[in-house]
Amino acid sequence: MAWYKQLHWQILIGLVLGLAYGVVAASAGWAGFTSDWIAPFGTIFLNLLKLIAVPLILASLVVGVASLRDLKKLSRIGGKTLGLYLLTTTIALTLGLVLVNTLQPGNTVTQETQTKLEQTYQDEVEMSKKLASDAKNRGPLQPLVDLVPANFFSSASDNGNMLQIVFVAIFIGIGLLLIPKEDAEPLLSFFRSLNELVIRLIDLIMYTAPIGVFGLLADAITSIATGSAGNIVSLLGALGFYCLTVVIGLAIMVFLVYPIFMSLFTPVAVGDYFQAILPAQLVAFSTSSSGGTLPVTMEVSEKNLGVSEEIASFVLPLGATINMDGTALYQSVAAVFIAQVLGIGLAISQQLNIVLLATLASIGAAAVPSAGTVMLVVILESIGVPSAGIALIWAADRPLDMLRTTNNVTGDTMVASVIAQSEGQLNFPTNGVQMDVMDVQDTPQTESAEETTA
């Protein structure tokens with residue numbers, strides 16, 4: 001496929017054109033024209049993402065939880081695998097929040113730029129401040145009370161109540177596990193069909209992404225650049241600092257967190273581990289797709305790490321679906337970064353909301369195309385941050401996408417090794433790596449980005 005037909009290149013072109021147009025429009029005084037004729041396309045794109053959020057979470061989680069019925073023989077392995085995947089996802093989210101709150105990349109923008117942004121998103125900023133104020137006056141168990149809705153349809157009508165949708169979806173999935181299979185199958189088939197429908201609809205929505213991000217960025221830049229070109233430089237500097245924050249977090253996960261797990265729970269030396277999984281990391285980096293890398297991930301795990309076929313065939317496909325540590329870290333950093341740039345202070349309860357929502361949603365939603373983008377919109381909505389702020393980070397998404405996919409695949413191989421060792425099914429080969437790095441050249445690759453699987 002020609003490069004200009006690939007979606008990520010089209011989105012990048014849309015971003016560049018949106019940035020260029022925004023600067024020209026600001027200097028030429030076209031703010032009114034941009035607001036009336038350009039910005040609505042960005043709003044439509046955002047509304048489409050919001051529209052699909054509730055059915056995405058509901059269908060994918062119900063199917064994900066209910067599908068555990070088919071894993072009775074591997075219930076013990078399944079429990080350990082799910083637990084470890086959720087643990088590493090929580091670690092990644094927490095690490096992202098610690099880094100972004102410590103380094104505060106969004107606070108590097110000038111006061112003038114921040115004031116412009118606050119004026120652009122004044123209504124949303126006021127709403128977020130109200131949410132933060134209300135959170136300070138709540139009882140210690142109020143978040144638990146808020147998790148359980150009194151009316152599902154009322155919750156489904158507001159994307160800010162997404163944790164309630166997550167609760168309902170998991171509740172329904174557990175209920176389907178407890179009734180006879182023949183009785184559960186009709187409803188489960190409905191949710192499977194809904195899940196497939198959502199996948200196709202998101203495919204269609206993403207075709208509008210180049211135009212949508214053009215409209216979003218053009219409107220944002222026109223608003224920010226009016227009066228001072230230095231605002232653009234300030235924003236770009238903050239974006240570079242944001243990228244550095246994400247890269248530091250991903251590096252800590254890959255070179256510190258995962259090696260600690262390997263050292264504590266397996267006999268494989270860290271150096272041998274990285275040598276063994278290098279082919280999978282290279283494919284993950286080049287394709288930006290955990291699903292596309294799965295054949296290589298399974299082969300290096302079995303041949304180079306000595307993971308049994310039984311463990312690899314269960315743990316790794318599951319990991320490609322629900323283990324999105326790199327994506328989770330990116331979402332936590334991105335959400336707080338956008339809030340910082342817009343001058344919105346987030347309460348501890350709002351940041352815990354990020355951890356809860358992203359962790360629970362990763363159970364099912366990560367396998368859906370472009371769910372990473374949709375989930376970031378959902379997270380922003382849930383903490384009262386303007387979702388239009390995603391326009392600020394799209395420009396850097398592709399290179400970060402390649403790095404976070406590498407993180408995801410590395411985490412998959414670590415979990416497979418730990419689970420195999422716990423089951424006595426890890427036999428690290430004494431004669432070294434069997435699959436050479438050059439074998440990657442013969443491996444089928446996919447052009448889809450990580451956001452098509454995460």
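The values are calculated or read from the model by the stated rules, or taken from the named source; none is laboratory data. The structure presented is a predicted model; accordingly, all values stated were derived computationally and were not measured. In this analysis, Cβ positions are derived from the backbone assuming ideal geometry, glycine residues included, and neighbour counts consider all displayed protein chains. These area figures cover heavy atoms from the full protein model, side chains too; ligands, DNA and RNA do not enter into them. Shrake-Rupley method; radii C 1.70, N 1.55, O 1.52, S 1.80 Å.
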| task | Work out from phi, with θ = phi - 60° and the Karplus expression 6.51 cos²θ - 1.76 cosθ + 1.60, the ³J(HN,Hα) of each residue of region 168-173, listed in order in whole Hz, and give x for Gly and Pro. | result | 4, 4, 5, 4, 5, x
| message | At R0 = 41 Å, how high is the FRET efficiency between Val270 and Asn151 if r is their beta carbon distance? Nearest 0.05 is fine. | response | 0.20
| query | Which of the peptides 24-35, 407-418, 322-333, 173-184 is most tightly packed, and how do the rest follow, going by the mean number of other Cβ atoms within 10 Å of each residue? | reply | 322-333, 407-418, 24-35, 173-184
| query | Given H placed 1.01 Å from N in the peptide plane, which residues other than close sequence neighbours of Val307 have an amide H under 5 Å from its amide H? | reply | Glu302, Asn427
| task | Using a 1.4 Å probe and ignoring any ligands, DNA or RNA, find the accessible area of Phe167 and quote it in Å² to the nearest 10. | result | 60
| task | Rounded, prolate or oblate: pick one for region 178-308, where a ≥ b ≥ c are the square roots of the eigenvalues of its C-alpha gyration tensor, a/c under 1.5 means rounded, and failing that, prolate if a/b is larger than b/c, else oblate. | result | oblate
| Can you run phi through the Karplus equation (6.51, -1.76, 1.60; θ = phi - 60°) for region 29-39 and list ³J(HN,Hα) in whole Hz, with x for Gly and Pro? | x, 9, 4, x, 4, 4, 5, 7, 10, 10, 4
| message | Over region 1-61, with the other protein chains present, what is the accessible area per residue in square angstrom, probe 1.4 angstrom? | response | 52
| query | How much of the accessible area of region 1-94, in percent, comes from carbon and sulfur atoms when a 1.4 Å probe is used? | reply | 72
| field | For region 180-197, Karplus couplings with θ = phi - 60° (6.51, -1.76, 1.60), whole Hz, Gly/Pro x | value | x, 4, 5, 7, 7, 4, x, 5, 5, 4, 4, 5, 5, 5, 4, 4, 5, 4
| field | Per residue, in Å², the accessible surface of region 287-353 once ligands and nucleic acids are set aside, probe 1.4 Å | value | 22
